[in-house]
Each structure stands twice: as structure tokens, then as C-alpha cells.
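The values are calculated or read from the model by the stated rules, or taken from the named source; none is laboratory data. Just so it is clear, the structure is predicted and the values come from calculations on it, not from any experiment. Cβ placement follows ideal geometry from the backbone for every residue including glycine, while neighbour counts extend to all protein chains displayed.
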Amino acid sequence: MVMNPRTHPRGAAPDFALPEPNPNPARMTDALWWLVCMRERLEPASENGGTYANKPGYHNAGNNLPDHGPGNIKTDHSIRKAPDRLGPWWKTKSSAHDWTFFDAQRGDYKTIQKYTKRLVNSMRDPKDLRPDDVYAYTLGQTDGDPVIEGYNEYKDDNETSADKTHLWHRHDSFRRNIIGSFPHMWKALTIDMGWTYAEWQKSVSKDLTLEEEEVDDATIEKIANRVVEKLTQVTPLKGDNGQPDGTQTTPLGHHVLSQGIPGADGKRVPAYQLLQTIAREAQPDGSETP
């Protein structure tokens with residue numbers, strides 16, 4: 001089910017279903033496309049201003065850019081640092097998003113200010129770790145003046161630009177090594193949604209406590225039957241000549257399969273019989289396991 005970021009309960013786990021197919025999978029990861037779609041749903045008075053573009057910087061794919069090696073000043077800034085040269089996506093995929101706001105295009109900056117402030121404040125907060133491994137930098141508008149504001153995560157310092165189009169669109173440059181990662185895009189979206197760091201933590205935490213009443217008998221039966229099936233599946237063994245040698249094994253091992261497991265009375269119980277007994281006893285009607 002496609003998630004609605006406007007109504008998604010705070011602290012709830014995300015749903016990474018794509019609202020619509022990725023229109024440019026050769027140049028944009030599904031994870032980035034998911035974030036683009038979620039942002040448009042989060043703020044209806046906005047639109048996707050673009051991801052891939054064949055120009056300098058994070059909008060472009062790494063293999064289209066000047067590359068004289070890591071750290072070299074002649075190398076494009078978006079592939080100069082180590083995180084931007086790692087992972088399966090840095091050479092072929094865009095790693096930027098322009099988020100355009102209709103009211104800001106008319107000179108009303110309240111909406112772009114809201115979302116740019118949320119991100120910049122998160123970046124500046126040493127206790128909020130979400131943006132640290134997601135962003136390179138962001139540019140936008142936070143206070144309504146004609147100066148572009150932003151923040152650079154690599155420098156841990158403010159960022160600005162002479163490009164006045166950032167008065168009405170927020171530009172986000174993401175670290176290239178994570179641009180295909182849905183969990184990292186979820187970090188970015190929870191910041192846009194105005195969630196606290198604790199709320200994001202709750203959304204990705206796993207409850208390791210399994211309460212008995214949460215598992216019904218039918219589920220127990222299925223699990224037990226599957227265990228029996230997997231652990232007693234017989235596989236013929238081959239000799240040195242590559243041909244079957246007449247012996248067999250299971251995931252439990254040949255020794256356990258043939259000799260069984262010691263029971264309470266000292267007698268050995270075949271492994272498959274023990275497992276089938278467990279599965280049968282887990283069933284409310286006591287029926288035999290198939």
C-alpha cells in the first residue's frame with residue numbers, strides 16, 4: 001500500500017511501495033524516486049523540479065564528470081570525496097533532487113522556509129544523526145530575504161549560492177553511496193515530515209519481544225511444519241567419483257538422521273519423528289502433520 005506522508009502515524013514504520021513506476025531507472029534509483037513522490041504528496045503545493053541532468057555536480061552521473069581521482073581539485077566536487085565514490089550507484093545515477101514550491105515562485109516563501117528550516121535545523125543539531133550520512137549539502141530559503149541559505153554536511157557549516165532559483169526551489173545533494181538506499185531516503189523524508197529524531201528511531205526499531213498471544217495456532221502450525229519439511233529433507237550423497245554412494249543426509253546431518261536424538265528414557269528418537277510430534281502437539285486438534 002502506498003504511504004501517505006501527510007497522514008502517516010508518527011513513529012510508524014515506512015512503506016516503500018512506489019506510487020508509480022520509476023520514469024528513468026537508468027539514471028535514477030527507485031529509492032530516490034520514492035522520496036521524490038513522497039515529497040510531492042507531503043506538500044501538494046510543490047512539484048519535482050528534477051533529478052538527473054547532464055551538468056556538473058550531483059544531478060549528473062559520476063561517469064559523466066571530470067574525474068582525476070579522489071581529492072583532486074580538478075575532479076568534479078560531487079565525486080571528490082570518499083562516500084561519493086562508493087557503492088553501486090555513484091557512476092551511473094543522479095544523486096540530487098530539486099524540490100520546487102509554487103508559492104515561492106510568486107514571492108511567498110513561507111512553504112519553502114518551513115521545509116528548508118526543518119532540514120537545516122536537523123543538520124545543525126549534533127543530537128540528530130539522520131542527515132549525517134545522507135546529505136552532502138542543501139540550498140534553499142529560510143528567512144525570506146534574497147540571500148540563499150543552506151548547510152554543508154561535509155563541512156559542518158553554512159552553505160550559500162549565487163543562484164537565485166534556490167529562492168523558490170530547494171536543492172538537495174545526497175551522498176552518492178546511499179542514493180539507492182530506501183532506509184536513508186526514509187531518514188530524509190522524516191526530517192521533511194517534521195518528525196523528531198526519537199520518532200524516526202521508533203519507526204525503524206524492531207520489537208524483539210514476541211508475546212504468546214500475538215501468535216495464533218495456525219501460524220505455529222505453519223512454522224512447525226516448515227521446520228519439519230526443511231530439516232528432514234533428504235539429499236543423496238555422492239562419492240569421490242561424483243556418483244551417488246547410497247548414503248543420504250539432511251540439514252540435521254547424517255548422524256542425527258540415522259541415529260536419532262536421545263529421549264528422556266534413554267532411547268533414541270528419530271529426528272523427523274521428534275519434530276513431527278512437536279508440530280502435531282502445536283495444532284489445536286492434534287491432527288497428524290502431513
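Odds and ends about this structure:
- Test result for R176, under 24 Å from the mean Cα position of the chain (by Cα), within 17 Å of G50 (Cα to Cα) and of a type in the set (K, R): yes
- Within the range 74-99, the set of residues being of a type in the set (V, I, T) and surrounded by fewer than 17 Cβ atoms within 10 Å (Cβ to Cβ) comprises just one member, T92.
- Qualifying residue in the range 134-152 (condition: under 23 Å from the mean Cα position of the chain (by Cα), part of a helix (DSSP H, G or I) and without any contact (Cβ under 8 Å) to a residue 40 or more places away in the chain): no
- Check on H77, of a type outside the set (K, R), free of Cβ contacts under 8 Å to residues at least 60 places away in the same chain and touching a strand residue (DSSP E or B) at 6+ places or on another chain (Cβ under 7 Å): no
- Yes/no for D128 being at pLDDT 95 or above and in contact with a His (Cβ under 6 Å, 6 or more places away or on another chain): no
- Options T138, T160: the member that is surrounded by fewer than 15 Cβ atoms within 10 Å (Cβ to Cβ), hydroxyl-bearing (S, T, Y) and more than 23 Å from F16 (Cα to Cα): T160
- Residue within the range 171-188 that is touching a His at 6+ places or on another chain (Cβ under 6 Å), without any contact (Cβ under 8 Å) to a residue 60 or more places away in the chain and farther than 20 Å from T111 by Cβ present: no
- Residue count for the range 163-179 under the criterion of being over 24 Å from A198 (Cα atoms) and surrounded by 14 or more Cβ atoms within 10 Å (Cβ to Cβ): the result is 10.
- In a residue-by-residue description of the range 1-17, the property of being loosely packed, with under 12 Cβ neighbours inside 10 Å, over 15 Å from D192 (Cα atoms) and at pLDDT below 95 applies to at least one position.
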